[in-house]
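Novice: Take this structure, written in structure tokens, and hold onto it; I'll ask about it next.
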Amino acid sequence: MAGKNDVPRMVVFPQTAEVNKQGNLAIGGCDTVALAKEYGTPLYVFDETDLRSRCREFKTEFGKRYTNTDVSYSPKAFTAKAMIKLVEEEGLDLDVVSGGELAFALAAGFPVKRISFPGNNKSEEELELAVRESIGHIVVDNLPELHMLIEIAGKKKVDILLRLNPGIDPHTHKFNAVGLSDSKFGLPKADWDEAVAKALAARNLNVDGLHFHIGSGLFQYEPYLKSLDVVLEYAAAIKKKYGFQMRLLSIGGGFGAQYVPEEVPPPISAFADAIITRFKERCREFKLETPKLMIEPGRKIVAQAGVALYTVGVIKNIPGIRTYVSVDGGMGDNIRQPMYGAVQEALIANRPTAKDTDTVTITGKYCESGDILIKEIKLPEMKAGDILAVAGSGAYAVPMSSNYNAAFRPAIVFVSDGRARLVRRRETLEDLTRHDPD
Ligand code: LLP
């Protein structure tokens, strides 16, 4: 029987991925071909062991270098009640980005004091909800929000962080670079002083600290270090001016995940090492008491744990041009290739050890030429009915899914120790039509 090591691309599949006795891809001890049959496709399968071990790795690697670190999961990467419960069990915090994500957290019974709320254009209703629920921190993004929050807070005392835009290039895809000066996110430098003065003067706000988030999918830690330099220097300046002692500093998320064997991001330990070293150095240099540190990973916790299963349908070979392999999902459940040129790996779940013979393009069923899941990948010869397992599908696929072409958003299962549990059912025709009056 061929093993995991005989399939090099298996390194980007979840930690428990293996070839089982039936010769199929198994995850969490569950046969993926059987899962596809039982739940239908497209199906998103998450390896619970993988999810939990990433949560623990972040906590351990940052915690052992600086015990006063909170790890906050960013559910925008994968929003589901089951996931929120899992991160709660693992002792992580949560940073929601909308009233909807906050509602998910509340529905999952997440402790409100461990929730923070960034976002560049929060509505009055969203701020009211956050204030009413007394969540841990509202991360104020801009001056209009600050003014609105002072109104909404009324007699209540609200804990906030101020999100500064440090003007640093994270060297990621341009859609995922948000810490540059030309960005809609965070307070531009020109507004820092006014925001600090107003927030500190507001009797109903308690400024607990500062926040930055510079981008997503970072393969370098240098941009975090540069941002720390900028923000800690500013913290020292406002300490001098107002006697303000920062109690909490959030440095956002952004830690890159591995999608293909040849592009390996630095391990979490390397990020932790570089970041904590610089953080302590600069706090010492600027004579700041070291505040609690918060990190907000999303992608790195879920990307590799999630595999999408599709059924192969029409295969179209255009001689001398390209072979299109169409599957029963596509840009409706994963828009990351057309949007970011994302690259992912795949295996045939019912023949994972077969030899690669063909170069094909994996496309979906949507009415767009841009509906591509994987552009040019070497795979064994395929036939209709094969189950294709696409790795690295755990982050930002389902949350960015749509009902384009009136497709159903996919079902999701968690697998662990040979058991699968449905954590989201597939949408139905009724789900699609019930919002429209007759
Ligand atoms: N904190 C804040 C304030 C954020 O805006 C984000 C992500 C995170 C934390 C988590 O970042 P992560 O660790 O996941 O990189 N749709 C894009 C990614 C958008 C990221 C948005 N903000 C993609 O599919 O690549």
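Novice: Please report the antiparallel percentage of DSSP beta bridges with both residues in the chain, rounded to the nearest 5. Before the final figure, lay out the partial values.
Specialist: Values: 31 of 65 bridges.
Percentage antiparallel, nearest 5: 50.
Novice: Take every Cα pair under 8 Å in region 98-227 that's 6+ residues apart, average their separations, divide by the length, and report that relative contact order as a whole percent.
Specialist: 24 percent
Novice: Continuing with this model, one more query. Any lysines with Cα under 26 Å of the Lys21 Cα? List them, leaving off those in the same chain fewer than 8 positions away.
Specialist: Those lysines meeting the cut-off are Lys4, Lys37, Lys355, Lys378, Lys383.
Novice: Could I ask something else about it? Where in region 11-80 are there chymotrypsin sites (Phe, Trp or Tyr not before Pro) that are in a DSSP coil and have at most 16 other Cβ atoms within 10 angstrom of their Cβ? Kindly include the intermediate steps, with their values, before the conclusion.
Specialist: Working: sites: Tyr39, Tyr44, Phe46, Phe58, Phe62, Tyr66, Tyr73, Phe78; in loops: Tyr66, Phe78.
Answer by residue number: Tyr66.
Novice: Express the accessible area of region 1-86 per residue in Å², computed with a 1.4 Å probe while the remaining protein chains stay in the model.
Specialist: Values: 3410 Å² over 86 residues.
Here the residues of region 1-86 average 40 Å² of exposed surface.
Novice: Give me the aspartates and glutamates in straight-line cross-link reach of Lys375: C-alpha distance below 15 Å, same-chain residues under 8 apart excluded.
Specialist: In chain and number order, the partners are Glu345, Asp358.
Novice: So, by mean Cβ neighbours within 10 angstrom, what's the order for 21-30, 418-427, 315-324 with the highest one leading? Intermediate values should be presented prior to the final figure.
Specialist: Working: 21-30: 20.4, 418-427: 14.9, 315-324: 11.4.
The packing order, highest mean first, is 21-30, 418-427, 315-324.
Novice: When a/c reaches 1.5 or more, the comparison of a/b and b/c decides; with that in mind, is the chain rounded, prolate or oblate per its Cα gyration tensor?
Specialist: Details: a/c = 2.09, a/b = 1.76, b/c = 1.19.
It is prolate, given that a/c is not under 1.5 and a/b is the larger ratio.
Novice: Moving on to the next point. Take the alpha carbon atoms of region 334-373, find their center, do the same for region 112-132, and report the distance between the two centers in whole angstrom.
Specialist: Their Cα centres are 38 Å away from one another.
Novice: With a 1.4 Å probe and all protein chains left in place, how much of the accessible area of the chain comes from carbon and sulfur atoms, in whole percent?
Specialist: On the way: 9340 of 18570 Å².
Within the chain, the accessible surface is 50 percent carbon and sulfur.
Novice: Determine the dipole magnitude for the chain: charges of +1 sit on the beta-carbon of Lys and Arg, -1 on that of Asp and Glu, nothing else is charged, the reference point is the Cα centre, and the result goes in debye to the nearest 20.
Specialist: Details: 55 positive and 57 negative charges, 178 e Å.
Roughly 860 debye for the chain.
Novice: At 1.4 Å probe size, with every protein chain present, just tell me what the per residue accessible area of region 163-258 comes to in Å². List each step's numbers first, then the result.
Specialist: Details: 3930 Å² over 96 residues.
Each residue of region 163-258 exposes 41 Å² on average to a 1.4 Å probe.
Novice: To continue, here is another question. Provide the packing ranking of 383-392, 159-168, 236-245, i.e. peptides ordered by the mean count of other C-beta atoms within 10 Å per residue, highest first. Let's see the in-between values first.
Specialist: Values: 383-392: 20.6, 159-168: 23.2, 236-245: 14.1.
For the peptides 383-392, 159-168, 236-245, the packing ranking is 159-168, 383-392, 236-245.
The values are calculated or read from the model by the stated rules, or taken from the named source; none is laboratory data. Predicted model only: the values in this text are computed from it and were never measured. A quick note on method: Cβ atoms are made from the backbone with ideal geometry, for glycine too, and the neighbour counts reach across all protein chains shown. Note: areas computed on protein heavy atoms with side chains; ligands, DNA, RNA excluded. Shrake-Rupley method; radii C 1.70, N 1.55, O 1.52, S 1.80 Å.
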